[in-house]
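Novice: Attaching a single structure in structure tokens format; questions to follow.
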């Protein structure tokens, strides 16, 4: 409460603001008038002014918070909490409303609600001493975190087969060409021709002549004999009388 010259100045300001509100009932001058009433400790007068103003401006957040704080000063926590909770619904980050609500919640033993209001204040100003002190009285230095359920572990094995185990497994698959050849052989009654040469087989070189079959050698010998006989006949002297010589 003001005293001496301050009280006199406060009274003069109250008179000026009261006159302005009387001249213009629809003006928002009722807010500073209620503040001056609060400075002078005239809480009942402040309540009357704020309630009248909210009849004209029912969703005026500043007036709602001021009224709630005034109710708190008058030791009327039920009314204070009701109007301040309405205010934070319209303005969730209003720090003045949460500051008063946190104190009311602590006094009522509403720990979770008090923590929520303190956390809103500390999210904006982590060094707010009043909010830190209130949260300390609740027996916690940090906001409670929700518990998360553990994720279910996969039941299927995640290890892949090793290279050694894969190498020991026999291969039962044939190439497509080998299967086709076997099918042709079964249909024609012939053996299938292997598609791959044995490892120890060698391919004939280009400069090596292929071996001739036996009948080719016989024909060559006969040709040689014929040519030899022809040369002998050419070398024998001819008989002019046409009779063979003895």
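Taken together, the values in this text are just the output of simple stated rules run on the coordinates, not laboratory data. Note that the structure is a prediction, hence the values are computed from the model and not measured. Note that each Cβ is placed from the backbone with ideal geometry, even for glycine, and that neighbours are counted across all protein chains shown.
Novice: When a footprinting reagent is the concern and you count Cβ atoms within 10 Å, what order do 135, 99, 231 take, fewest first?
Specialist: The most exposed by this proxy come first: 231, 99, 135.
Novice: Rg and Dmax of the range 34-103, using alpha carbons, in Å: what are they?
Specialist: Answer for the range 34-103, Rg first and Dmax second: 11.0, 30 Å.
Novice: From the square roots a ≥ b ≥ c of the eigenvalues of the alpha-carbon gyration tensor of the range 47-147, which class results: rounded (a/c under 1.5), prolate (a/b over b/c), or oblate?
Specialist: Prolate, since a/c reaches 1.5 and a/b exceeds b/c.
Novice: Kindly identify the range 1-79 as rounded, prolate or oblate by the Cα gyration tensor criterion: order the square roots of the eigenvalues as a ≥ b ≥ c, call it rounded if a/c is under 1.5, otherwise compare a/b with b/c, prolate if a/b is larger, else oblate.
Specialist: Numbers: a/c = 2.70, a/b = 1.16, b/c = 2.32.
Oblate, since a/c reaches 1.5 and b/c is not below a/b.
Novice: Please report the relative contact order for the range 1-98, taking Cα pairs under 8 Å with a sequence separation of at least 6, and give it as a percent rounded to a whole number.
Specialist: The value is 18 percent.
Novice: Once label points are set 7 Å from the Cα along Cα→Cβ at both residue 124 and residue 56, what is their separation, rounded to one decimal in nm?
Specialist: 2.7 nm
Novice: Place a label point 7 angstrom from the Cα of residue 89 along the Cα-to-Cβ direction, then list the residues of the range 113-130 whose backbone nitrogen is under 18 Å away.
Specialist: Once the point is set 7 Å along Cα→Cβ of residue 89, 113, 117 turn out to lie under 18 Å by backbone N, inside the range 113-130.
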